[in-house]
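Here is the structure we will look at, set down as structure tokens.
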Amino acid sequence: MNPAPGDGDVTRLLHAAADGEPAAMDQVVQDLYQALHHLAAAQLGRERNDPMLSATVLINEAWLKLFAGEALPPLENRGHLLGLAAHAMRQVLIDHARRRMSAKRPQDQDRMQLTEVADSLGAEVEPDLLEGALDRLAALDPRQARIVDMRFFAGLTGEQIAAATGLSTATVQREWRMARAWLRRELAVD
């Protein structure tokens, strides 16, 4: 995999694309797709044994949610773009879990078992409960919700989130701890 461009490179390309340079957006899209595919493969490799949801399927479905449909808002920088992509991945993963749960006899393995969710919250989480809690968190604190999306669903580390958002690593870690505690309480996970 080619190294991902730095935040400054992506920001420059996004501004060039906004100025009507189609090749710039093509480069951003190509770089983002490769970076997200790598993250999804690593995330799914640690967490799931689900032949129906590969990294390619996850990224392609997230890609469609992100780029096929409503026009994207003006993209500010790499962090903004990663945040939108992480949110799209979240929607795909939760929709996938819901489809599996709608089977006639859902199994325990149909619950959300993302490593970060399970490790952070201490138990398996029903997809609808998680989605509702994340939506409430977004209404209360959009920055914390963005950090949770990037951590849970894109598999970014605190340092990667800090670099993508322009926050300090300490701020990301503090917001992460607060969001995780809030989610634990909200989901009543022991």
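Roughly speaking, what is the stretch gain from R12 to E76, that is 0.36 nm per residue apart minus the C-alpha to C-alpha distance, in nm to one decimal?
22.1 nm
With every protein chain left in place, what is the accessible area per residue of the stretch 121-190 in square angstrom, probe 1.4 Å?
Normalised by residue count, the accessible surface of the stretch 121-190 is 46 Å².
For a quick check of understanding: with a 1.4 angstrom probe and all protein chains in place, what accessible area in square angstrom does H80 have, to the nearest ten?
Accessible surface of H80 is approximately 30 Å².
Taking R0 as 30 Å, what FRET efficiency do you get between L140 and D95 from their Cβ-Cβ distance, rounded to the nearest 0.05? Please list the in-between numbers first.
Working: r = 23 Å, r/R0 = 0.78.
The computed FRET efficiency comes out at 0.80.
For S54, what accessible area in Å² do you get when you roll a 1.4 Å probe over the heavy atoms of the protein chains, rounding to the nearest 10?
Counting only protein heavy atoms, the figure is 50 Å².
Return, for the Cα atoms of the stretch 131-186, the radius of gyration and Dmax in Å, separated by a comma.
Expressed in Å, the Cα Rg and Dmax of the stretch 131-186 come to 10.4, 29.
The values are calculated or read from the model by the stated rules, or taken from the named source; none is laboratory data. Only a predicted model underlies this, so the values are computations on that prediction, with no experimental measurement involved. Don't worry about glycine lacking a Cβ; one is built from the backbone with ideal geometry, like all the others, and counts go over all protein chains shown. The protein model used for the area step is the full one, side chains on, heavy atoms only, and it has no ligands, DNA or RNA in it. Shrake-Rupley method; radii C 1.70, N 1.55, O 1.52, S 1.80 Å.
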